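Beneath this line is the structure, given in structure tokens, with notes to follow.
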Protein chains: 2
Amino acid sequence: FKAPIRWGIASAGLISSDFVNAIDISPYKADHEVVAVAARSQAKAEEFAKTFGIKKAYVGYERLAEDPDIDVVYVGTINIAHLDNCLMLINAGKSVLCEKPMGMNVKETKQVLEAAQAKNVFVMEAMWTRCNPLQLKIQEDIKNGVIGDVMQANVTFGGKMAADRIVKKDLGGGSLLVVGIYAIYVLQMAFGDEVPEKIIATGNKSSEGVDHSVSAILQYKNGKMGCFSLSTQIALANEAHIFGTDGQIKVGIPMWAPSHINIKGKELKINLPESKIKFNFLNSAALAFEAEHVRECLCNGLKQSYLVPHSITLTVAEIMENIRKQLGVEYPQDK
Amino acid sequence: FKAPIRWGIASAGLISSDFVNAIDISPYKADHEVVAVAARSQAKAEEFAKTFGIKKAYVGYERLAEDPDIDVVYVGTINIAHLDNCLMLINAGKSVLCEKPMGMNVKETKQVLEAAQAKNVFVMEAMWTRCNPLQLKIQEDIKNGVIGDVMQANVTFGGKMAADRIVKKDLGGGSLLVVGIYAIYVLQMAFGDEVPEKIIATGNKSSEGVDHSVSAILQYKNGKMGCFSLSTQIALANEAHIFGTDGQIKVGIPMWAPSHINIKGKELKINLPESKIKFNFLNSAALAFEAEHVRECLCNGLKQSYLVPHSITLTVAEIMENIRKQLGVEYPQDK
């Protein structure tokens, strides 16, 4: 691979729009070319292509797999489609950046990761939080002992969310898969990506049995503890606090895409560029850091991201499945 | 009873000092008279009496029980002494305001409450948070549906605490009894003092088996959840967040004695008076609200506080005992 990296975009939905928008207004724009967008309808694909000045508008994601001008595909489809989308693209030899969660459960996640490893192509779960410069700064400071030993970390992620893909079971909705994964990734970051020793959780479910709210405690070795609360029904604080033996780090709203953090009383900010095309989600301009990270990985011939390696994606999938079992939330994909 | 209410002070320690200091500088000063202080040594009692201009300095708390000039005794002794102190005073017919926790466990708490009921004297657990005007405002707003239905509440209480009475098991130390009780009272307030349906907790213990940190989730009916994290080893945020279907309330540091809160984006503050004599704990001037509440209860012939009724003290003791069992923390008093 060499710059500019040539992207295909699978799905013309809200998050795909933000992803392309973020690249377009970023300082990295010249390193990236969005070659094609594919949707399930021609009209939707063409509208998206027109908005962002993309040359090709396809119906069906297979067209992206077949296009020799595409290096890497961003999969922005709904959760239940990730497995099939990824396998199809990987088997066609495409590199993939797949929206979180990569799979509906551990089994699906493993299938994607193993397929990529077998085909020797790059695949990464689109955990953009891990590519955010402020989170990288936190990670570095924690490693350097700036706040001593991290003993406790608490995270919340909740909002009123009505979209079917978020609350409907058959579309892969649920607070854990949709927003909880961010909280878990932040806790894992705080505790150096150790595997938790113990997980306890409780929550409440909608009438169709999908988790609407979850609170959980992850216990790591030496009595370190991470707690999170989620809701798809009500707004929570949407911050993260990391407490060490020698100081605290606060990650401001939204903790999954921070533009301001506080380390031991010192404020740090990043300025995210503004866009003429409206972003759908908070601080989505930060998606450009993720796109640029993928480009860097590909240019260096990596088959995994070092910021979101396969092992961590799998650990997080295992944590989510463990918690879902405690809540009694089961998807058709679990059978 | 009629004003001024005549107080006896059991123990000349840090919290007793703050309690008397708070009354002295409060607008309620004229309604209260601190008649006597008792300590285990004459020198300590006399020094305390001199500092605050108290007439009588006793050795031994029995002297307070025998003094006909005393209406009510503030018990500021260490946790393991509360049971004996309270029973002795109650049996002498004295009203009692006893520092939290009233007992080391449910059994002791019941003993105190039942003794007071049998003797028909006033006894109250000194949960001053419940007497704080800002918490009363929160309680009222929640009742009036200002933030809709409260669905989630999260609280932290942690600091580096080295005192033996806080970390030593044989002195009744432990994060739950020492600081956790505040977090639980705040959660109970947020959820209208319902009894939790489910409690899950984990934590870590010192080498002698006392809890140094605890994280717990209390689940109330209709999927409402309260979470708290405690530590006697490291500083936590020491805030409380209450999340409703129609807005949030944030209780600022220190959440157990707030001087500022935020209700749906609106800041509310109280100005606590300053003192020439240094307070030992944060915002201790707010202890005066508790003293004044006790006076009001006594003047009205009440045998329980309506802000901290016996039933709630017992429920909180039951929650703490439940959590301690999950952690495997046992005191000699549990046998």
- Message: Report every pair of residues separated by at least 6 positions or lying on different chains whose Cβ atoms are under 9 Å apart, first residue within the range A:57-82 and closer than 14 Å to A:TRP7 by Cβ, second assigned to a loop (DSSP other than H, G, I, E, B) and of a type in the set (Val, Ile, Thr).
- Response: A:TYR61/A:THR77; A:LEU64/A:ILE70
- Selection from the range B:73-119 of residues that are closer than 21 Å to B:THR315 by Cα and polar (S, T, N, Q): B:ASN79, B:ASN105, B:THR109, B:GLN111, B:GLN117
- Message: Would you confirm whether or not the range A:274-281 contains a residue that is buried (at least 24 other Cβ atoms within 10 Å of the Cβ) and touching a Ser or Thr at 6+ places or on another chain (Cβ under 8 Å)?
- Response: no
- Can A:LEU230 be described as in a strand (DSSP E or B) and of a type in the set (A, V, I, L, M, F, W, C)? yes
- Please work out if A:ILE253 is in a strand (DSSP E or B) and either more than 7 Å from every other protein chain (Cβ to nearest Cβ) or without any contact (Cβ under 8 Å) to a residue 60 or more places away in the chain (or both). no
- Item | A:LYS107, sole failed condition from (1) part of a strand (DSSP E or B); (2) farther than 19 Å from A:VAL294 by Cα | (1)
- Item | Search result, residues across the range B:231-245 that are within 23 Å of B:GLN139 (Cα to Cα), more than 7 Å from chain A (Cβ to nearest Cβ) and not small (Gly, Ala, Ser) | B:ASN238, B:GLU239, B:ILE242
- Cβ-Cβ below 7 Å, separation at least six or inter-chain, first residue in the range A:1-14 and surrounded by 19 or more Cβ atoms within 10 Å (Cβ to Cβ), second hydroxyl-bearing (Ser, Thr, Tyr): which pairs? A:TRP7/A:TYR74; A:ILE9/A:SER16; A:ILE9/A:TYR74; A:ALA10/A:TYR61; A:ALA10/A:TYR74; A:ALA10/A:THR77; A:SER11/A:THR77
- Of everything in the range B:256-268 that's surrounded by fewer than 20 Cβ atoms within 10 Å (Cβ to Cβ) and closer than 13 Å to B:GLN135 by Cβ, which residue is farthest from the other protein chains (Cβ to nearest Cβ)? B:SER259
- Can you tell me which residue within the range A:214-237, out of those that are of a type in the set (S, T, N, Q) and buried (at least 24 other Cβ atoms within 10 Å of the Cβ), is nearest to A:ARG324 (Cα to Cα)? A:SER215
- When B:PHE243 is run through (1) surrounded by fewer than 19 Cβ atoms within 10 Å (Cβ to Cβ); (2) touching a residue at least 40 places away in the same chain (Cβ under 8 Å); (3) in a strand (DSSP E or B), the failure sits at (1)
- Kindly indicate whether any position in the range A:186-193 is more than 24 Å from A:MET104 (Cβ to Cβ), more than 8 Å from every other protein chain (Cβ to nearest Cβ) and buried (at least 19 other Cβ atoms within 10 Å of the Cβ). yes
- Task: Look at A:ALA162 and say whether it is on the phi < 0 side of the Ramachandran plot and either surrounded by fewer than 16 Cβ atoms within 10 Å (Cβ to Cβ) or modelled with pLDDT under 95 (or both).
- Result: yes
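The values are calculated or read from the model by the stated rules, or taken from the named source; none is laboratory data. Computed from a prediction, not measured in an experiment: that's the story for all the values here. Note that we place each Cβ from the backbone using ideal geometry, even for glycine, and neighbour counts take in every protein chain shown.
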